[in-house]
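The values are calculated or read from the model by the stated rules, or taken from the named source; none is laboratory data. The shown structure was predicted, so the numbers you read here are calculated from the model rather than taken from an experiment. In this analysis, Cβ positions are derived from the backbone assuming ideal geometry, glycine residues included, and neighbour counts consider all displayed protein chains. These accessible areas exclude ligands, DNA and RNA; they are computed on the full protein's heavy atoms, side chains included. Shrake-Rupley method; radii C 1.70, N 1.55, O 1.52, S 1.80 Å.
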Amino acid sequence: MKIAVDAMGGDYAPKEIVAGVEQARDRYPEVEFNLYGQLDQVKPLLQNEDRITLIQADEVIAMGDEPVRAIRRKKQSSIVLAAQDVRDGKADAFFSAGNTGAILAAGLLIIGRIKGIDRPGLTTVLPVLNQPNQDSFLMLDVGANADTKPFNLYQYAIMGKYYAETVMGVKNPRIGLLNNGTEADKGDLVHKDAHDALASIEDINFIGNVESRELLNGAADVVVSDGFSGNAVLKSTEGTALTMLKLIKSSIMDGGLSAKLGAAMLKSTFGKIQSQMDYSKHGGAVLIGVKAPVVKTHGSTKAPTVANTIGQIKTMLENHVVADVVTYFDEHSDEMIAAKEQLKQK
């Protein structure tokens, strides 16, 4: 397995990206890496070059660059060169912590979408709290497509099922549709039509609508959403968790000696809570629906998360997630066409 890594993407690149790649290299002896970046910065950071091929990239796509324009103009950037090598079969998967829009554009415009899939979706894994039989759930789309049609949600459910089964190890995953109520007639026309369409698929375990307030309680194994709502829920969840931790810390610091002593006694408990809320341990966000794994981590990612994400990509490659999705959509092309036409008429 060979993974193409953008060494220049992220707030702490290239230092943390290189360190994470070396951690993953030492952890996974069957994985090789193509590392793309400005070699005068990257090479001095390497402990050794075992199973790492360095490839010069003269340009860098910055976080503030307009994504599609940057992909088209910066042909020698680390993102573009890595995506091209995946497209050309020189690497099996693409990983970056850089500009999200540019990564999505590279996945769509360079690597290309799977035949039969209208719009690939961005999927991420989030934690489930205090449920002994479930520690996480999958949500898609979380930002690839702001405007989503019922047929897109229909396809997300199928792709989400395969990812949950093969990467997360969930048998017959429960699939829910993110909505503003659990009743079947809730939501706008898009979500009502999507609900009816998902209920008609025999190959999935559709449990109906789920509300955002129940997601961290394990309401479903796979949560299907339009990209706008999914991204809003993701950022709201992340922001709430960070705010609560800051609030607890400031209350302790302002509470005097007794509060500090109490906090010292509960240190392990606070550590457990923080660990449960740490979604980064589950890896990065995956652009599912393209011809090879394209995985993006948070811009503030550091080495341990880089290594964990590479482990996630390794699992995807070992379990042939992309190949299974391709096979399913090939075998069910007539059903897809019929579903699309039916939803168009509503």
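Using the Cα centre of region 1-154 as the reference point, and only Cβ charges (+1 on K/R, -1 on D/E), how large is the resulting charge dipole? Debye, rounded to the nearest 20. Could the numbers behind the result be given before it?
On the way: 17 positive and 21 negative charges, 112 e Å.
With only Lys, Arg, Asp and Glu charged at Cβ, the dipole is about 540 debye.
With +1 on each Lys and Arg Cβ and -1 on each Asp and Glu Cβ, and nothing else charged, work out how big the dipole of region 55-125 is about its Cα centre, in Debye to the nearest 20.
It works out to roughly 260 debye.
Let me make sure I get this right: for region 21-167, a, b and c are the square roots of the gyration tensor eigenvalues over alpha carbons, sorted descending. Under 1.5 in a/c it's rounded, otherwise prolate if a/b > b/c, else oblate. Which is it?
Oblate, since a/c reaches 1.5 and b/c is not below a/b.
Give me the dipole magnitude in Debye, nearest 20, for the chain about the Cα centre, with unit charges on the beta carbon: positive for Lys and Arg, negative for Asp and Glu.
Value, rounded to 20: 840 debye.
Place +1 on the Cβ of every Lys and Arg and -1 on the Cβ of every Asp and Glu in region 1-153, take the dipole about the Cα centre, and give the residue among 44, 91, 18 whose Cα lies farthest towards its positive end.
91
So how exposed is residue 43, as accessible area in Å² (1.4 Å probe, rounded to 10)?
110 Å²
When a/c is below 1.5 the answer is rounded, else prolate if a/b is larger than b/c, else oblate, so apply that to the chain with a ≥ b ≥ c taken from the square roots of the Cα gyration tensor eigenvalues.
Oblate, because a/c is 1.5 or more while a/b does not exceed b/c.
Which pairs break 19 Å Cα to Cα here: 43/75; 115/235; 115/340?
Table pairs above 19 Å Cα-Cα are 43/75; 115/235.
List the GluC sites (Glu not before Pro) in region 188-248 that DSSP assigns to loop (not H, G, I, E or B) and whose Cβ has at most 16 other Cβ atoms within 10 Å. Which are they?
In loop regions of region 188-248 (DSSP not H, G, I, E or B), the sparsely surrounded GluC sites (Glu not before Pro) are 202, 211.
How would you classify region 167-207 from its alpha-carbon gyration tensor, with a ≥ b ≥ c the square roots of the eigenvalues: rounded for a/c under 1.5, else prolate if a/b is greater than b/c, otherwise oblate?
Prolate, because a/c is 1.5 or more and a/b exceeds b/c.
Would you work out what percent of the accessible area of the chain, with all protein chains in place, is carbon or sulfur (probe 1.4 Å)?
Reported share for carbon and sulfur atoms: 50 percent.
Averaged per residue, what accessible surface does region 30-136 expose to a 1.4 Å probe, in Å²?
On the way: 4980 Å² over 107 residues.
Per-residue value: 47 Å².
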